[in-house]
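S.K.: Below are the structure tokens for one structure; questions will follow.
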Amino acid sequence: MATRILAIDPGEKNVGIAISDPTGTLARPLTVLQHQSRQADAAAILELAEEHQAGQIIVGQALDAENQPTYQGRKAARLAETLRTQGEIPVQLWDESHSTQAARSARIAMGVSRRKRSGHLDESAAAVILQSYLDAQNPPLPIGDTP
């Protein structure tokens with residue numbers, strides 16, 4: 001049986017959090033934490049991971065056109081390292097490029113009004129990051145094939 005995975009979209013002001021279902025197939029937004037400090041954020045993230053019985057943490061990392069971490073991506077790497085040193089749950093960095101734009105596009109596609117779309121996208125962006133990771137781990141079978 002797969003285990004739940006917690007995903008993080010770290011930002012300057014907020015930290016978006018998403019969680020997978022127990023099968024590790026679907027991601028859903030969980031919550032938004034207000035950014036305090038790297039140590040405080042890591043402690044709150046680890047507490048959420050324990051509360052939701054997550055067996056892995058994915059941290060979104062922004063990469064530039066040359067696949068190198070941006071300034072925000074380097075901050076994400078430092079958060080990932082803090083999570084590793086403060087906790088015992090495996091932590092992996094995952095490319096988060098365009099996750100906020102994808103979350104915004106998804107809200108538009110669902111017909112969410114402009115007024116309701118103006119709120120935080122952090123937890124939705126974390127869900128986009130997590131779904132990208134989950135899809136890469138479990139690629140869909142070609143039509144007609146069975147497991």
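The values are calculated or read from the model by the stated rules, or taken from the named source; none is laboratory data. All of these numbers come straight from a predicted model, not from anything done at the bench. Glycine also receives a Cβ, built like all others from the backbone with ideal geometry; neighbour counts cover every protein chain displayed.
S.K.: Taking THR70, is it farther than 22 Å from GLU88 by Cβ and without any contact (Cβ under 8 Å) to a residue 60 or more places away in the chain? Step through it out loud before you land on a result.
M.R.: On the way: farther than 22 Å from GLU88 by Cβ: yes; without any contact (Cβ under 8 Å) to a residue 60 or more places away in the chain: yes.
Yes: the conditions hold for THR70.
S.K.: Under 6 Å between Cβ atoms, at least 6 apart or on separate chains: pull out the pairs that start in the range 122-147 with a residue that is at pLDDT 85 or above and end on any residue that is in a helix (DSSP H, G or I).
M.R.: Every condition considered, the pairs that remain are SER124/ALA103; ALA125/SER99; ALA125/THR100; ALA125/ALA103; VAL128/SER99; VAL128/ALA102; VAL128/ALA103; ILE129/SER99.
Conditions tested, residue by residue: (1) surrounded by 14 or more Cβ atoms within 10 Å (Cβ to Cβ); (2) closer than 12 Å to ILE8 by Cα; (3) touching a residue at least 12 places away in the same chain (Cβ under 8 Å).
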{"site": "LEU33", "(1), (2), (3)": "yes, yes, yes"}
{"site": "SER37", "(1), (2), (3)": "no, no, no"}
{"site": "ILE58", "(1), (2), (3)": "yes, yes, yes"}
{"site": "GLU81", "(1), (2), (3)": "yes, no, no"}
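S.K.: When the residues of the range 83-97 are narrowed to those that are among the β-branched types (Val, Ile, Thr) and free of Cβ contacts under 8 Å to residues at least 40 places away in the same chain, which ends up farthest from LEU134 (Cα to Cα)? Working first, answer last.
M.R.: Here is the first cut: in the range 83-97, the residues among the β-branched types (Val, Ile, Thr) are 85, 89, 91.
When the remaining residues are screened for being free of Cβ contacts under 8 Å to residues at least 40 places away in the same chain, the result is 85, 91.
Numbers: THR85: 24, VAL91: 14 Å.
By that ranking, first place goes to THR85.
S.K.: Quickly run through the range 1-31 and pick out the residues that are without any contact (Cβ under 8 Å) to a residue 40 or more places away in the chain and under 19 Å from TYR133 (Cα atoms).
M.R.: MET1, ALA2, ASP21, PRO22, THR23
S.K.: May I ask you to say which residue of GLU88, GLU96 is buried (at least 22 other Cβ atoms within 10 Å of the Cβ) and at pLDDT 60 or above?
M.R.: Values: GLU88 fails: buried (at least 22 other Cβ atoms within 10 Å of the Cβ).
Sole residue among the options that is buried (at least 22 other Cβ atoms within 10 Å of the Cβ) and at pLDDT 60 or above: GLU96.
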